[in-house]
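The values are calculated or read from the model by the stated rules, or taken from the named source; none is laboratory data. This is a predicted model, so every value here is computed, not measured. Note that each Cβ is placed from the backbone with ideal geometry, even for glycine, and that neighbours are counted across all protein chains shown.
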Amino acid sequence: MDRRGIAGKLALVTGAGRGIGAAVARALAGASARVAATDRDAGTLATAVADLPPDRVRAHPLDVRDSTAVDAVVDRVEREMGPIDILVNVAGVLRPGPVHSQTDQDWLETFAVNTNGVFFTSRAVARRMRERRGGSIVTVASNAAGVPRVHMAAYAASKAASVMFTKCLGLELAEHGVRCNVVSPGSTDTPMQRALWTDEAGPRSVIEGNPGAFRVGIPLRRIAEPDDIADAVLFLVSDQARHITMHDLYVDGGATLRA
């Protein structure tokens, strides 16, 4: 018996080409869901889905910054695969640096993907879920949305906007049977995280903390794997979370002390 109620459902996952997005697509496929996997990088996306069941997973190149493209892909997925039951917003970018040296393009690009992309994709899918009176939307944000981070102002602000947007969407859609939740990871072993490490001491400094950056370490003494985040997403889209909406689930090993 599938207590999770995921088997056979259709999920749209953005940013599925690598890292957390790829792990979410794998986890959903492993739970016998059908998956429309999207990513801006068609080559990376093709590699990510190559080992997944072709009868359940299809790749759809998509730049979430383009609302017209988002609407077109959502329409195509529903025509070819059926009604979307689950949306997972994972696509994101990080352009670190102090505020005084960040360019207009750094700021605009960060919001274009991390915030506008979540809005465009959620709007396109929510319209259909609302009419069908059912569905689940999860936005993968960051614990940086709730705790200030040095050199991460644009990223943190964009993720904070996406968190509140998702909660407001959840409030609007609750009466229509659509649940909207957030998963906020901490440091996770992804290409984005590894790009921040300048030497072999990078992982250790993340775990132990950095007083100079006003950052505590990770109480659980480990960096998350993408599968840890995917498991949290899987729970929130499942029937086991049927009475949970507008919730922000931190998956960071205690790193923010849930401030």
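Listed here are the helices (runs of 4 or more DSSP H) enclosed by region 3-82 that have at least 2 residues being under 22 Å from Val233 (Cα atoms) and either in contact (Cβ under 8 Å) with a residue 60 or more places away in the chain or of a type in the set (Lys, Arg) (or both): 19-30, 67-80. Filtered by the rule that a residue be closer than 29 Å to Val99 by Cβ and either touching a His at 6+ places or on another chain (Cβ under 7 Å) or of a type in the set (D, E, K, R) (or both), region 157-181 gives Lys159, Lys167.
Inside region 153-179, residues that are basic (Lys, Arg) and within 19 Å of His243 (Cα to Cα) make up a count of 2.
Is it the case that some residue within region 97-113 is closer than 21 Å to Leu234 by Cα and in contact (Cβ under 8 Å) with a residue 24 or more places away in the chain? Checked against the condition, which is being closer than 21 Å to Leu234 by Cα and in contact (Cβ under 8 Å) with a residue 24 or more places away in the chain, region 97-113 yields no hits at all.
Here the condition is being surrounded by fewer than 18 Cβ atoms within 10 Å (Cβ to Cβ), part of a helix (DSSP H, G or I), in contact with a helix residue (DSSP H, G or I) (Cβ under 7 Å, 6 or more places away or on another chain) and not polar (S, T, N, Q); of Arg123, Arg130, it holds for Arg130 alone. Please indicate, with yes or no, whether at least one residue in region 160-173 is surrounded by fewer than 14 Cβ atoms within 10 Å (Cβ to Cβ) and either closer than 25 Å to Ala48 by Cα or of a type in the set (Gly, Ala, Ser) (or both). The answer is no, given that none of the residues of region 160-173 is surrounded by fewer than 14 Cβ atoms within 10 Å (Cβ to Cβ) and either closer than 25 Å to Ala48 by Cα or of a type in the set (Gly, Ala, Ser) (or both).
In a residue-by-residue description of region 18-29, the property of being modelled with pLDDT of 95 or more and more than 19 Å from Val183 (Cβ to Cβ) applies to no position.
Could you list, in sequence order, the residues of region 1-33 that are in contact with a Leu (Cβ under 6 Å, 6 or more places away or on another chain) and under 18 Å from Ala241 (Cα atoms)? Scanning region 1-33 gives Ala11, Ala27.
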